[in-house]
Amino acid sequence: MTIDSSDKDAYTEATIAEDLRTNITGYTASAVAGGVDRDWANSWLVRLGAQPVTGNATYRMNVPVTGVYGKTVIANSRAEAAQKFLEHVQRVAQAGQVTDHGECDAVYEVKFQEPVTAADVTFFEGPEDPEPSNDPAPGLDALKDGIRKMLMEGVTEQGWSYPRAKRAIAEMGLDALPAILYRSVQVPVSGTHQLTVRVFEGADEETLYRATASHIRRSGLITISPEEMGATVSVPVEDVEF
C-alpha cells in the first residue's frame, strides 16, 4: 500500500502538535507551582487542546446544618448564667459562625439535610475544575500562535517569569517572544501612585491597562479595573528581568 505524502505531512504535524501540548502542560505546571493562577492556566490549556494542570489544592466548602449551640459559663445564679449565655449567643449570631477564640464554644446534635449530596455543597474557596472544550483542538499553526499568546499573557498579567517563558518557548522551537518593555503607569487612587509594569514591545494601550490592573490585583493592595485607570504616562526605566 502506498502512503500518500499528504498523510505523512498530517501525521508529522499531529505528532509535533501533541509534543507541544505535552510540553506546554509541563511548563504551565511549573509556573502554577511558582504562583501562577491555576484557573487561568487551565482555561488556556483546555482551549489549546492540552491536558489541564492537576494537583492537590485547598478547598473550603459548607452545607446547611441545624443543631444546638452550647456554652459553659461561670455565674452566681441561673439568671446571671442565662444572661452571660445570651451575650455569647449574640456574639456568635453577629459573627455568623462559631469562631471559638478561646471561648470553648460548641455545637451539639448537629443534623444535616438528608441526604447530603454533592449538589448541596457550596464552595467558597479553591480552584475551579476546568470545563472540557467542545471546540476541536487547534491545528499546528493555531496551536503555536496560541502558546505564544498564552505565555505573553502569563508574563504580563499572571506573574509568569519572563526568563522562564523565554526558555520554554525556545525549547519548544517556537518564534521568540517580543522584547519586554517596562512602562511607568500613574494610577489614580485618592491621588496617584507610580507603578512599573512590563509589557511586550508593540503592546497597545488596552494591553497596558490590563497588565497594570493585573499587577495591582496581584499586589493585593487595591482592586481596580482597566476602565477605572486614567491616562498612562510612559517614562524610561532600567530594564530588569523578573
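All of the numbers you see were taken from the coordinates with simple rules; none came from a lab. From a predicted model like this one, the values you see are computed outputs, not experimental measurements. Cβ placement follows ideal geometry from the backbone for every residue including glycine, while neighbour counts extend to all protein chains displayed.
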> Taking the Cα-to-Cβ direction at residue 190 and at residue 170 and moving 7 Å from each Cα, how far apart do the two end points lie in nm?
Replying inline: 4.8 nm
>> Skipping prolines and chain starts, which residues have an amide H placed within reach, meaning under 5 Å, of the one on residue 106, given they are 5 or more residues away or on another chain?
In response: 70
> Placing +1 at every Lys and Arg Cβ and -1 at every Asp and Glu Cβ, with all other atoms neutral, what dipole size does the stretch 24-146 have around its Cα centre, in debye to the nearest 20?
Replying inline: 380 debye
> Using the Kirkwood radius built from alpha carbon pairs, what does the Stokes-Einstein equation give as D for the stretch 60-124 at 20 °C and 1.002 mPa s, in µm² per second?
Replying inline: 156 µm²/s
>> Lysine pairs in the chain with Cα distance under 24 Å, only those 8 or more apart or on different chains: how many are there?
In response: 5
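Mind checking the dipole of the chain: about its Cα centre, +1 per Lys or Arg Cβ, -1 per Asp or Glu Cβ, Debye to the nearest 20?
Details: 21 positive and 36 negative charges, 181 e Å.
That gives a dipole near 880 debye.
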> Which of the listed residues, 12, 200, 186, is farthest toward the dipole's positive end in the chain, when Lys, Arg count +1 and Asp, Glu count -1 at the beta-carbon?
Replying inline: 186
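Tell me the net charge near residue 57. Cut-off is 13 Å between Cβ atoms, residue 57 excluded, with +1 for each Lys or Arg and -1 for each Asp or Glu.
Neighbourhood net charge equals -3.
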> Going 7 Å from the Cα of residue 114 toward and past its Cβ, which residues in the stretch 44-80 have a backbone nitrogen under 16 Å from where you end up?
Replying inline: 65-67
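Calculated from DSSP H runs of 4 or more alone, at -39500 (n - 2.57) each and per residue, what is the 222 nm mean residue ellipticity of the chain, nearest 500? Numbers along the way, then the final one.
Values: 6 runs with 100 residues, N = 242.
The helix contribution divided over the chain gives -14000 deg cm²/dmol.
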> Can you sort 15, 207, 212, 117 by how many other beta carbons sit within 10 Å, fewest first?
Replying inline: 117, 15, 207, 212
>> Between 150, 61, 172, where does the largest GNM mean-square fluctuation fall for the chain, given springs only between Cα atoms within less than 10 Å?
In response: 61
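Only counting other Cβ atoms within 10 Å, I'd like 209, 69, 27 sorted with the fewest neighbours first. Intermediate values should be presented prior to the final figure.
Values: 209 19, 69 15, 27 22.
In increasing order of surrounding Cβ atoms, one gets 69, 209, 27.
Hey, with R₀ at 45 Å, roughly what FRET efficiency would residue 205 and residue 86 work out to, going by the Cβ-Cβ distance, to 0.05? Don't skip to the answer; put the middle values down first.
Numbers: r = 59 Å, r/R0 = 1.31.
Between residue 205 and residue 86 the formula returns 0.15.
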>> Using the Cα centre of the chain as origin and beta-carbon charges of +1 (Lys, Arg) and -1 (Asp, Glu), tell me which of 58, 85, 136 is placed farthest towards the positive end of the dipole.
In response: 85
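Rounded, prolate or oblate for the stretch 1-142? Axes are the square roots of the Cα gyration tensor eigenvalues, ordered a ≥ b ≥ c, and the cut-off for rounded is a/c under 1.5.
Details: a/c = 6.04, a/b = 3.69, b/c = 1.64.
In terms of gyration-tensor shape, prolate.
Rounded to the nearest 0.05, what FRET efficiency do residue 13 and residue 74 have when you use their Cβ-Cβ distance and R0 = 51 Å? Before the final figure, lay out each step's value.
Values: r = 78 Å, r/R0 = 1.53.
Working from the Cβ atoms, E equals 0.05.
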